[in-house]
Amino acid sequence: EGQKMSKSRGNIVDPWDVLDEHGADAFRWYLYTASPPGQERRFSVDLVGAVVRNFTLTLWNTYVFFVTYANLDNWNPTSRATFAHRQNLDKWILSELHTLIRDVTVSLENYDATGATRPIERFVELLSNWYVRLSRRRFWKSEDDGDKQAAYATLYDCLMTVSKLLAPSMPFVSDALYRNLALSVDPDAPESVHLADWPYFDVDVIDETLNREMGLVKKLVSLGHKARQSVQLKVRQPLAMAAFWAGSRVEVELISRYADLISEELNVKKVRSLDSVNEAIAYSLHPLPKQLGQKYGKRFPAIRDALLDLPTIETAHAFLAEQSVTVYLESEAVEIFPEEVEIRLIAKEGFAVAEESGFVAALVTELTPELAREGLVREFVRRLQELRKSSGFEISDRIHITYEASERLEKAIEEQSAYIMTEALALSLTMGRKIDGITLDVEGEELSICMERVTSSGN
(Lines give C-alpha, C1' and ligand atoms only; values in the text may rest on other atoms or scores of the structure.)
Protein backbone atom coordinates (compact mmCIF):
# COMPACT_ATOMS: atom_id res chain seq x y z
CA GLU A 1 0.00 0.00 0.00
CA GLY A 2 3.01 2.29 -0.24
CA GLN A 3 3.55 2.53 3.51
CA LYS A 4 6.85 1.96 5.25
CA MET A 5 7.15 -1.52 6.79
CA SER A 6 6.82 -1.22 10.55
CA LYS A 7 6.22 -3.65 13.40
CA SER A 8 3.94 -1.11 15.05
CA ARG A 9 1.76 -0.99 11.92
CA GLY A 10 1.80 -4.77 11.63
CA ASN A 11 2.68 -4.70 7.94
CA ILE A 12 6.01 -6.52 8.04
CA VAL A 13 6.33 -9.29 5.41
CA ASP A 14 7.99 -12.42 6.79
CA PRO A 15 10.62 -13.54 4.24
CA TRP A 16 9.90 -17.18 5.02
CA ASP A 17 6.29 -16.74 3.93
CA VAL A 18 7.56 -15.59 0.53
CA LEU A 19 10.14 -18.36 0.29
CA ASP A 20 7.65 -21.05 1.25
CA GLU A 21 5.08 -19.90 -1.29
CA HIS A 22 7.16 -18.81 -4.28
CA GLY A 23 10.74 -19.93 -3.69
CA ALA A 24 14.04 -18.11 -3.42
CA ASP A 25 14.51 -17.47 -7.15
CA ALA A 26 11.30 -15.49 -7.58
CA PHE A 27 12.07 -13.59 -4.35
CA ARG A 28 15.54 -12.63 -5.61
CA TRP A 29 14.30 -11.77 -9.11
CA TYR A 30 11.66 -9.36 -7.84
CA LEU A 31 14.19 -7.57 -5.64
CA TYR A 32 16.61 -7.19 -8.57
CA THR A 33 14.04 -6.01 -11.13
CA ALA A 34 11.69 -3.86 -9.02
CA SER A 35 14.15 -0.98 -8.60
CA PRO A 36 17.90 -0.39 -8.18
CA PRO A 37 19.31 -1.56 -4.83
CA GLY A 38 19.06 1.11 -2.14
CA GLN A 39 15.86 2.63 -3.51
CA GLU A 40 12.52 2.12 -1.82
CA ARG A 41 10.07 -0.29 -3.44
CA ARG A 42 6.64 -1.70 -2.82
CA PHE A 43 6.68 -5.29 -1.63
CA SER A 44 4.17 -8.08 -1.05
CA VAL A 45 3.88 -11.83 -1.44
CA ASP A 46 1.59 -11.24 -4.44
CA LEU A 47 4.17 -9.07 -6.22
CA VAL A 48 6.70 -11.90 -5.95
CA GLY A 49 4.01 -14.28 -7.22
CA ALA A 50 3.69 -12.11 -10.32
CA VAL A 51 7.31 -13.00 -11.14
CA VAL A 52 6.34 -16.67 -11.26
CA ARG A 53 3.26 -16.03 -13.41
CA ASN A 54 4.76 -13.51 -15.81
CA PHE A 55 8.36 -14.63 -16.14
CA THR A 56 9.33 -17.97 -14.61
CA LEU A 57 6.39 -19.89 -16.07
CA THR A 58 6.90 -18.29 -19.49
CA LEU A 59 10.52 -19.42 -19.49
CA TRP A 60 9.67 -22.86 -18.12
CA ASN A 61 6.89 -23.46 -20.64
CA THR A 62 9.25 -22.54 -23.48
CA TYR A 63 11.79 -25.01 -22.08
CA VAL A 64 9.11 -27.74 -21.75
CA PHE A 65 8.01 -27.11 -25.36
CA PHE A 66 11.56 -27.59 -26.58
CA VAL A 67 12.26 -30.69 -24.49
CA THR A 68 8.96 -32.33 -25.47
CA TYR A 69 9.48 -32.04 -29.22
CA ALA A 70 13.25 -32.62 -29.12
CA ASN A 71 12.64 -35.90 -27.32
CA LEU A 72 9.93 -36.92 -29.80
CA ASP A 73 12.34 -36.34 -32.70
CA ASN A 74 15.40 -37.69 -30.85
CA TRP A 75 17.11 -34.40 -31.63
CA ASN A 76 20.67 -33.99 -30.40
CA PRO A 77 22.49 -30.63 -30.20
CA THR A 78 25.64 -32.25 -31.61
CA SER A 79 23.91 -32.30 -35.02
CA ARG A 80 24.24 -28.58 -35.53
CA ALA A 81 22.37 -26.65 -38.22
CA THR A 82 24.39 -24.38 -40.43
CA PHE A 83 23.53 -20.72 -40.74
CA ALA A 84 22.56 -21.39 -44.37
CA HIS A 85 19.46 -23.26 -43.19
CA ARG A 86 18.40 -20.60 -40.73
CA GLN A 87 15.48 -18.35 -41.55
CA ASN A 88 15.43 -14.61 -40.90
CA LEU A 89 13.44 -15.45 -37.77
CA ASP A 90 16.35 -17.58 -36.47
CA LYS A 91 18.93 -14.95 -37.33
CA TRP A 92 16.84 -12.29 -35.63
CA ILE A 93 16.44 -14.13 -32.31
CA LEU A 94 20.17 -15.00 -32.31
CA SER A 95 20.93 -11.32 -32.95
CA GLU A 96 18.73 -10.43 -29.99
CA LEU A 97 20.43 -13.16 -27.92
CA HIS A 98 23.93 -11.81 -28.52
CA THR A 99 22.70 -8.27 -27.89
CA LEU A 100 21.36 -9.60 -24.58
CA ILE A 101 24.69 -11.24 -23.67
CA ARG A 102 26.48 -7.95 -24.35
CA ASP A 103 24.04 -5.83 -22.34
CA VAL A 104 23.80 -8.18 -19.33
CA THR A 105 27.58 -8.56 -19.20
CA VAL A 106 28.16 -4.81 -19.24
CA SER A 107 25.50 -4.29 -16.56
CA LEU A 108 26.99 -6.91 -14.24
CA GLU A 109 30.46 -5.45 -14.64
CA ASN A 110 28.99 -2.09 -13.60
CA TYR A 111 27.03 -3.52 -10.64
CA ASP A 112 23.73 -2.61 -12.35
CA ALA A 113 21.29 -5.21 -11.01
CA THR A 114 18.21 -4.01 -12.90
CA GLY A 115 20.18 -3.66 -16.14
CA ALA A 116 21.37 -7.26 -15.75
CA THR A 117 17.88 -8.68 -15.20
CA ARG A 118 15.15 -6.68 -16.93
CA PRO A 119 16.57 -7.29 -20.45
CA ILE A 120 16.34 -11.05 -19.80
CA GLU A 121 12.61 -10.68 -19.11
CA ARG A 122 12.20 -8.86 -22.42
CA PHE A 123 14.17 -11.51 -24.29
CA VAL A 124 12.21 -14.41 -22.80
CA GLU A 125 8.98 -12.68 -23.83
CA LEU A 126 10.33 -12.33 -27.40
CA LEU A 127 11.49 -15.94 -27.41
CA SER A 128 8.19 -17.37 -26.16
CA ASN A 129 5.55 -15.08 -27.61
CA TRP A 130 7.18 -14.33 -30.96
CA TYR A 131 9.92 -16.76 -31.99
CA VAL A 132 8.39 -20.01 -30.68
CA ARG A 133 4.85 -19.09 -31.66
CA LEU A 134 5.89 -18.26 -35.22
CA SER A 135 8.09 -21.38 -35.44
CA ARG A 136 5.66 -23.95 -34.01
CA ARG A 137 4.90 -25.58 -37.36
CA ARG A 138 8.60 -26.07 -37.99
CA PHE A 139 8.76 -28.28 -34.89
CA TRP A 140 5.44 -30.02 -35.66
CA LYS A 141 6.09 -31.06 -39.26
CA SER A 142 6.92 -34.71 -39.86
CA GLU A 143 9.86 -34.29 -42.23
CA ASP A 144 13.28 -33.91 -40.61
CA ASP A 145 14.83 -31.29 -42.88
CA GLY A 146 17.41 -28.56 -42.48
CA ASP A 147 14.75 -26.01 -41.50
CA LYS A 148 13.55 -28.15 -38.61
CA GLN A 149 17.13 -28.77 -37.48
CA ALA A 150 17.79 -25.01 -37.59
CA ALA A 151 14.73 -24.32 -35.41
CA TYR A 152 15.87 -26.87 -32.81
CA ALA A 153 19.46 -25.59 -32.79
CA THR A 154 18.36 -21.96 -32.48
CA LEU A 155 15.96 -22.59 -29.60
CA TYR A 156 18.53 -24.79 -27.84
CA ASP A 157 21.19 -22.08 -28.07
CA CYS A 158 18.78 -19.51 -26.68
CA LEU A 159 17.70 -21.65 -23.71
CA MET A 160 21.26 -22.71 -22.85
CA THR A 161 22.51 -19.14 -22.96
CA VAL A 162 19.59 -17.80 -20.91
CA SER A 163 20.28 -20.43 -18.24
CA LYS A 164 23.82 -19.06 -17.90
CA LEU A 165 22.75 -15.40 -17.90
CA LEU A 166 20.21 -16.20 -15.17
CA ALA A 167 22.74 -18.01 -12.95
CA PRO A 168 23.75 -15.01 -10.75
CA SER A 169 20.14 -13.96 -10.09
CA MET A 170 18.10 -17.19 -10.33
CA PRO A 171 20.59 -19.84 -9.18
CA PHE A 172 18.16 -22.74 -8.78
CA VAL A 173 15.96 -22.44 -11.89
CA SER A 174 19.00 -21.72 -14.04
CA ASP A 175 20.79 -24.82 -12.75
CA ALA A 176 17.73 -27.02 -13.37
CA LEU A 177 17.53 -25.79 -16.98
CA TYR A 178 21.25 -26.14 -17.58
CA ARG A 179 21.65 -29.62 -16.09
CA ASN A 180 18.99 -31.14 -18.31
CA LEU A 181 19.98 -29.25 -21.45
CA ALA A 182 23.73 -29.83 -21.06
CA LEU A 183 24.41 -32.93 -18.96
CA SER A 184 21.75 -35.08 -20.65
CA VAL A 185 23.63 -34.81 -23.97
CA ASP A 186 27.23 -34.11 -22.91
CA PRO A 187 28.60 -36.06 -19.94
CA ASP A 188 31.80 -33.98 -20.10
CA ALA A 189 29.98 -30.66 -19.58
CA PRO A 190 30.50 -28.85 -16.25
CA GLU A 191 28.16 -30.44 -13.71
CA SER A 192 26.50 -27.13 -12.77
CA VAL A 193 25.70 -23.88 -14.53
CA HIS A 194 27.69 -22.20 -11.76
CA LEU A 195 30.81 -23.99 -12.96
CA ALA A 196 30.21 -23.28 -16.66
CA ASP A 197 31.92 -20.50 -18.62
CA TRP A 198 30.11 -17.19 -18.95
CA PRO A 199 28.78 -16.73 -22.52
CA TYR A 200 30.52 -14.37 -24.92
CA PHE A 201 28.70 -12.29 -27.51
CA ASP A 202 29.62 -12.32 -31.20
CA VAL A 203 29.45 -8.87 -32.81
CA ASP A 204 29.07 -10.51 -36.23
CA VAL A 205 25.79 -12.12 -35.15
CA ILE A 206 24.27 -8.86 -33.90
CA ASP A 207 22.23 -7.26 -36.69
CA GLU A 208 20.75 -3.98 -35.50
CA THR A 209 18.87 -3.48 -38.77
CA LEU A 210 17.20 -6.88 -38.47
CA ASN A 211 16.34 -6.14 -34.82
CA ARG A 212 14.71 -2.87 -35.85
CA GLU A 213 12.81 -4.48 -38.71
CA MET A 214 11.41 -7.27 -36.56
CA GLY A 215 10.47 -4.72 -33.90
CA LEU A 216 8.43 -2.83 -36.51
CA VAL A 217 6.79 -6.04 -37.74
CA LYS A 218 5.82 -6.88 -34.14
CA LYS A 219 4.31 -3.40 -33.78
CA LEU A 220 2.26 -3.83 -36.97
CA VAL A 221 1.04 -7.26 -35.89
CA SER A 222 0.11 -5.89 -32.47
CA LEU A 223 -1.90 -3.13 -34.18
CA GLY A 224 -3.59 -5.75 -36.34
CA HIS A 225 -4.66 -7.69 -33.24
CA LYS A 226 -5.89 -4.45 -31.69
CA ALA A 227 -7.99 -3.77 -34.79
CA ARG A 228 -9.49 -7.28 -34.54
CA GLN A 229 -10.35 -6.75 -30.89
CA SER A 230 -12.08 -3.46 -31.69
CA VAL A 231 -14.77 -5.38 -33.60
CA GLN A 232 -14.50 -8.59 -31.53
CA LEU A 233 -13.23 -10.79 -34.37
CA LYS A 234 -11.39 -13.83 -33.05
CA VAL A 235 -7.93 -14.57 -34.45
CA ARG A 236 -9.22 -18.02 -35.47
CA GLN A 237 -11.50 -16.34 -38.01
CA PRO A 238 -9.57 -15.81 -41.27
CA LEU A 239 -9.98 -12.41 -42.92
CA ALA A 240 -9.47 -11.35 -46.52
CA MET A 241 -6.85 -8.65 -46.00
CA ALA A 242 -4.79 -6.56 -43.62
CA ALA A 243 -3.42 -3.23 -44.87
CA PHE A 244 -0.97 -0.92 -43.15
CA TRP A 245 0.12 2.69 -43.25
CA ALA A 246 3.72 3.02 -42.10
CA GLY A 247 4.66 6.41 -43.50
CA SER A 248 7.86 5.76 -45.47
CA ARG A 249 9.04 3.85 -48.53
CA VAL A 250 11.46 1.81 -46.44
CA GLU A 251 8.66 0.59 -44.21
CA VAL A 252 6.37 -0.07 -47.20
CA GLU A 253 9.07 -2.34 -48.63
CA LEU A 254 9.44 -4.02 -45.25
CA ILE A 255 5.70 -4.78 -45.12
CA SER A 256 6.00 -6.49 -48.50
CA ARG A 257 9.08 -8.46 -47.45
CA TYR A 258 7.51 -9.73 -44.22
CA ALA A 259 4.01 -10.19 -45.68
CA ASP A 260 3.99 -13.99 -45.17
CA LEU A 261 4.90 -13.69 -41.50
CA ILE A 262 2.33 -10.94 -40.89
CA SER A 263 -0.32 -12.89 -42.80
CA GLU A 264 0.20 -16.04 -40.73
CA GLU A 265 0.25 -14.21 -37.42
CA LEU A 266 -2.89 -12.17 -38.15
CA ASN A 267 -4.65 -15.02 -40.02
CA VAL A 268 -5.37 -12.99 -43.15
CA LYS A 269 -5.20 -14.01 -46.81
CA LYS A 270 -3.40 -10.92 -48.08
CA VAL A 271 -1.15 -8.19 -46.68
CA ARG A 272 -0.45 -4.86 -48.38
CA SER A 273 0.34 -1.21 -47.70
CA LEU A 274 -2.38 1.43 -47.77
CA ASP A 275 -2.08 3.79 -50.72
CA SER A 276 -3.02 6.62 -48.36
CA VAL A 277 -4.01 6.71 -44.73
CA ASN A 278 -7.48 8.04 -45.54
CA GLU A 279 -8.20 4.94 -47.64
CA ALA A 280 -9.44 3.16 -44.51
CA ILE A 281 -9.86 5.82 -41.82
CA ALA A 282 -10.98 9.35 -41.13
CA TYR A 283 -9.95 11.60 -38.24
CA SER A 284 -11.86 14.15 -36.25
CA LEU A 285 -10.26 16.84 -34.06
CA HIS A 286 -11.77 17.79 -30.71
CA PRO A 287 -10.03 20.68 -28.90
CA LEU A 288 -10.37 20.07 -25.16
CA PRO A 289 -12.25 22.90 -23.42
CA LYS A 290 -10.80 22.09 -20.01
CA GLN A 291 -7.18 22.43 -21.12
CA LEU A 292 -7.50 25.16 -23.76
CA GLY A 293 -10.34 27.01 -22.03
CA GLN A 294 -8.42 27.40 -18.78
CA LYS A 295 -5.29 28.40 -20.70
CA TYR A 296 -6.78 30.95 -23.11
CA GLY A 297 -10.10 31.96 -21.52
CA LYS A 298 -12.36 33.93 -23.85
CA ARG A 299 -10.04 33.35 -26.80
CA PHE A 300 -10.76 29.60 -26.72
CA PRO A 301 -13.65 29.66 -29.29
CA ALA A 302 -11.49 31.54 -31.81
CA ILE A 303 -8.55 29.19 -31.25
CA ARG A 304 -10.85 26.17 -31.61
CA ASP A 305 -12.25 27.48 -34.91
CA ALA A 306 -8.77 28.26 -36.24
CA LEU A 307 -7.60 24.75 -35.38
CA LEU A 308 -10.61 23.11 -37.04
CA ASP A 309 -9.94 25.16 -40.21
CA LEU A 310 -6.59 23.37 -40.65
CA PRO A 311 -6.33 20.25 -42.90
CA THR A 312 -7.67 17.47 -40.66
CA ILE A 313 -5.44 14.58 -41.74
CA GLU A 314 -2.14 16.48 -41.62
CA THR A 315 -3.05 18.09 -38.29
CA ALA A 316 -4.10 14.76 -36.78
CA HIS A 317 -0.83 13.13 -37.92
CA ALA A 318 1.19 15.91 -36.31
CA PHE A 319 -0.58 15.49 -32.98
CA LEU A 320 -0.33 11.68 -33.15
CA ALA A 321 3.40 12.03 -33.72
CA GLU A 322 3.60 14.09 -30.50
CA GLN A 323 4.23 17.34 -32.41
CA SER A 324 2.66 20.69 -31.63
CA VAL A 325 0.62 22.69 -34.18
CA THR A 326 0.56 26.47 -34.58
CA VAL A 327 -2.61 28.46 -35.36
CA TYR A 328 -2.83 32.20 -35.98
CA LEU A 329 -5.27 34.70 -34.45
CA GLU A 330 -4.78 37.72 -36.66
CA SER A 331 -1.01 38.30 -36.23
CA GLU A 332 -0.59 36.22 -33.05
CA ALA A 333 0.83 32.69 -33.27
CA VAL A 334 -0.68 30.22 -30.76
CA GLU A 335 1.01 26.85 -30.21
CA ILE A 336 -1.36 23.93 -29.55
CA PHE A 337 0.08 20.80 -27.92
CA PRO A 338 -1.02 17.17 -28.48
CA GLU A 339 -2.41 16.77 -24.95
CA GLU A 340 -4.77 19.71 -25.59
CA VAL A 341 -6.63 18.02 -28.45
CA GLU A 342 -8.45 14.69 -28.63
CA ILE A 343 -7.99 12.79 -31.91
CA ARG A 344 -10.81 10.41 -32.75
CA LEU A 345 -10.21 7.63 -35.24
CA ILE A 346 -13.17 6.71 -37.44
CA ALA A 347 -13.04 3.47 -39.43
CA LYS A 348 -14.52 3.62 -42.90
CA GLU A 349 -17.20 1.09 -43.74
CA GLY A 350 -15.87 -2.45 -44.10
CA PHE A 351 -12.70 -1.87 -42.04
CA ALA A 352 -11.57 -2.42 -38.47
CA VAL A 353 -8.70 -0.06 -37.65
CA ALA A 354 -6.15 0.71 -34.98
CA GLU A 355 -3.53 3.48 -34.79
CA GLU A 356 -0.44 4.13 -32.73
CA SER A 357 2.43 6.61 -33.15
CA GLY A 358 1.51 7.33 -36.76
CA PHE A 359 1.18 3.65 -37.77
CA VAL A 360 -2.23 2.38 -38.88
CA ALA A 361 -3.56 -1.17 -39.28
CA ALA A 362 -6.77 -1.72 -41.25
CA LEU A 363 -8.46 -5.13 -41.51
CA VAL A 364 -11.21 -5.91 -44.01
CA THR A 365 -14.08 -7.23 -41.90
CA GLU A 366 -16.43 -8.57 -44.58
CA LEU A 367 -16.73 -12.36 -44.29
CA THR A 368 -17.46 -14.34 -47.43
CA PRO A 369 -19.21 -17.69 -46.95
CA GLU A 370 -15.86 -19.41 -47.63
CA LEU A 371 -14.06 -17.39 -44.95
CA ALA A 372 -16.88 -18.01 -42.48
CA ARG A 373 -16.67 -21.78 -43.06
CA GLU A 374 -12.89 -21.68 -42.66
CA GLY A 375 -13.33 -19.90 -39.34
CA LEU A 376 -15.79 -22.61 -38.33
CA VAL A 377 -13.16 -25.23 -39.12
CA ARG A 378 -10.55 -23.40 -37.00
CA GLU A 379 -12.98 -23.52 -34.07
CA PHE A 380 -13.63 -27.20 -34.78
CA VAL A 381 -9.89 -27.92 -34.66
CA ARG A 382 -9.60 -26.05 -31.36
CA ARG A 383 -12.30 -28.29 -29.90
CA LEU A 384 -10.49 -31.36 -31.21
CA GLN A 385 -7.26 -30.29 -29.51
CA GLU A 386 -9.12 -29.75 -26.23
CA LEU A 387 -10.68 -33.23 -26.53
CA ARG A 388 -7.29 -34.80 -27.24
CA LYS A 389 -5.91 -33.22 -24.09
CA SER A 390 -8.88 -34.05 -21.87
CA SER A 391 -8.88 -37.63 -23.17
CA GLY A 392 -5.31 -38.11 -22.02
CA PHE A 393 -3.80 -38.51 -25.49
CA GLU A 394 -0.07 -37.89 -25.89
CA ILE A 395 0.90 -35.10 -28.29
CA SER A 396 2.36 -37.70 -30.70
CA ASP A 397 -0.68 -40.03 -30.66
CA ARG A 398 -2.40 -40.62 -33.99
CA ILE A 399 -6.19 -40.91 -33.91
CA HIS A 400 -9.26 -41.92 -35.90
CA ILE A 401 -12.11 -39.37 -35.92
CA THR A 402 -15.77 -40.10 -36.59
CA TYR A 403 -18.24 -37.23 -36.57
CA GLU A 404 -21.80 -36.17 -37.29
CA ALA A 405 -22.47 -32.47 -37.85
CA SER A 406 -25.11 -29.99 -38.95
CA GLU A 407 -25.19 -29.27 -42.68
CA ARG A 408 -23.10 -26.07 -42.63
CA LEU A 409 -20.40 -27.53 -40.36
CA GLU A 410 -20.35 -30.76 -42.36
CA LYS A 411 -19.64 -28.83 -45.56
CA ALA A 412 -16.88 -26.85 -43.85
CA ILE A 413 -15.24 -30.06 -42.54
CA GLU A 414 -15.38 -31.67 -45.99
CA GLU A 415 -13.71 -28.62 -47.57
CA GLN A 416 -10.89 -28.53 -44.99
CA SER A 417 -10.47 -32.24 -44.22
CA ALA A 418 -6.76 -32.35 -45.08
CA TYR A 419 -6.02 -29.37 -42.82
CA ILE A 420 -8.06 -30.87 -39.97
CA MET A 421 -6.30 -34.24 -40.18
CA THR A 422 -2.89 -32.57 -40.17
CA GLU A 423 -3.68 -30.38 -37.17
CA ALA A 424 -5.32 -33.18 -35.15
CA LEU A 425 -2.81 -35.91 -36.14
CA ALA A 426 -5.72 -37.92 -37.52
CA LEU A 427 -5.27 -40.92 -39.83
CA SER A 428 -8.95 -40.83 -40.77
CA LEU A 429 -11.82 -38.33 -40.63
CA THR A 430 -15.11 -40.10 -41.28
CA MET A 431 -18.66 -38.79 -41.33
CA GLY A 432 -21.12 -41.06 -39.53
CA ARG A 433 -24.75 -41.17 -38.54
CA LYS A 434 -26.13 -41.45 -35.00
CA ILE A 435 -22.67 -42.01 -33.56
CA ASP A 436 -22.18 -42.60 -29.86
CA GLY A 437 -19.86 -39.71 -29.15
CA ILE A 438 -19.42 -36.39 -27.37
CA THR A 439 -21.96 -33.72 -28.35
CA LEU A 440 -20.67 -30.14 -28.77
CA ASP A 441 -21.90 -26.75 -29.91
CA VAL A 442 -19.43 -25.21 -32.37
CA GLU A 443 -20.33 -21.58 -33.03
CA GLY A 444 -24.03 -22.50 -33.00
CA GLU A 445 -23.55 -25.63 -35.12
CA GLU A 446 -24.32 -29.12 -33.75
CA LEU A 447 -21.52 -31.69 -33.59
CA SER A 448 -21.17 -35.24 -32.29
CA ILE A 449 -17.66 -36.64 -32.32
CA CYS A 450 -15.81 -39.80 -31.41
CA MET A 451 -12.00 -40.04 -31.26
CA GLU A 452 -10.08 -43.31 -31.08
CA ARG A 453 -6.39 -43.65 -30.34
CA VAL A 454 -4.44 -45.64 -32.94
CA THR A 455 -2.77 -48.73 -31.45
CA SER A 456 0.90 -49.56 -31.97
CA SER A 457 -0.06 -51.89 -34.83
CA GLY A 458 -1.68 -48.95 -36.63
CA ASN A 459 -5.28 -50.16 -36.19
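The values are calculated or read from the model by the stated rules, or taken from the named source; none is laboratory data. Just so you know, these numbers come straight off a predicted model, no measurement behind them. Reconstructed Cβ throughout: ideal geometry from the backbone, glycine too, with neighbour counts over all protein chains shown. With ligands, DNA and RNA removed, areas are computed over all heavy atoms of the protein, side chains included. Shrake-Rupley method; radii C 1.70, N 1.55, O 1.52, S 1.80 Å.
Tabulate in residue order the Karplus-calculated ³J(HN,Hα) for segment 62-70, using 6.51 cos²θ - 1.76 cosθ + 1.60 with θ = phi - 60°, rounded to whole Hz; enter x for Gly and Pro.
Karplus values, whole Hz, x for Gly and Pro: 5, 4, 5, 4, 4, 4, 4, 6, 5.
Quick one: accessible area per residue over segment 95-182, 1.4 Å probe, rounded to a whole number of Å²?
Heavy-atom accessible area per residue stands at 36 Å².
Can you list the chymotrypsin sites (Phe, Trp or Tyr not before Pro) in segment 1-108 that are in a DSSP coil and have 16 or fewer other beta carbons within 10 angstrom?
F43
At a Förster distance of 22 Å, what's the computed FRET efficiency of T209 paired with D275, Cβ-Cβ distance as r, to 0.05?
So the FRET efficiency works out to roughly 0.25.
List the chymotrypsin sites (Phe, Trp or Tyr not before Pro) in segment 149-205 that DSSP assigns to loop (not H, G, I, E or B) and whose Cβ has at most 15 other Cβ atoms within 10 Å. Which are they?
Counting only loop positions with at most 15 other Cβ atoms within 10 Å, the chymotrypsin sites (Phe, Trp or Tyr not before Pro) in segment 149-205 are Y200.
Which net charge results for the neighbourhood of S230, defined as the other residues with beta-carbon distances under 14 angstrom from its beta-carbon, given Lys and Arg at +1 and Asp and Glu at -1?
Its environment carries a net charge of +3.
Roughly what would the spin-label model give for R42 and A259, points 7 Å off Cα along C-beta, in nm?
Taking the two extended label points, one gets 4.7 nm.
Does anything in segment 333-375 have its amide N under 20 Å from the 7 Å Cα→Cβ label point of Q291, and if so which residues?
333-346, 355-359
Can you return the lysines within cross-link range of K141? Criterion is Cα-Cα under 20 Å, with same-chain partners fewer than 8 residues away left out.
K389
If I stretch the segment between H225 and E356 completely, what's the gain in nm (0.36 nm per residue apart, minus their alpha carbon distance), one decimal?
45.9 nm
Starting from the amide H of I336, placed 1.01 Å from N in the peptide plane, find each other amide H under 5 Å away whose residue is 5 or more places distant or on another chain.
Sorted by chain and number, the residues that satisfy this are V325, T326, V327.
Modelling each spin label as a point 7 Å along the Cα-to-Cβ direction, I'd like the D145/Q385 distance in nm, to one decimal.
A separation of 2.3 nm, rounded to one decimal place.
Give me a comma-separated list of calculated 3J(HN,Hα) values for segment 421-426, in order, Karplus coefficients 6.51, -1.76, 1.60 applied at θ = phi - 60°, integers in Hz, x for any Gly or Pro.
Using θ = phi - 60°, the values come out as 5, 5, 5, 9, 6, 9 Hz.
In nanometres, what is the gap between the two model label sites at N88 and S192, each 7 Å from Cα along Cα-to-Cβ?
Spacing of the two 7 Å Cα→Cβ label points: 4.4 nm.
Tally up the carbon and sulfur contribution to the accessible surface of the chain as a whole percent, 1.4 Å probe, everything protein left in place.
Looking at the chain in its full context, I get 50 percent from C and S.
For the chain, just list the percent of Cα-Cα distances falling in each 20 Å bin from zero outward, please.
18, 42, 34, 6, 0
In whole angstrom, note down how far apart the Cα centers of segment 209-262 and segment 24-87 are.
Cα centroid of segment 209-262 versus Cα centroid of segment 24-87: 27 Å apart.
Return the loop-located trypsin sites (Lys or Arg not before Pro) in segment 1-88 (DSSP other than H, G, I, E, B) with at most 14 other Cβ atoms within 10 Å of their own Cβ; answer none if there are none.
K4, K7, R9, R41, R42, R80
In Å², what does the accessible area per residue of segment 229-373 work out to with a 1.4 Å probe?
55 Å²
Quote to one decimal, in nm, the extra length available between E370 and K4 on full extension: 0.36 nm per residue of separation minus the C-alpha distance between them.
125.6 nm
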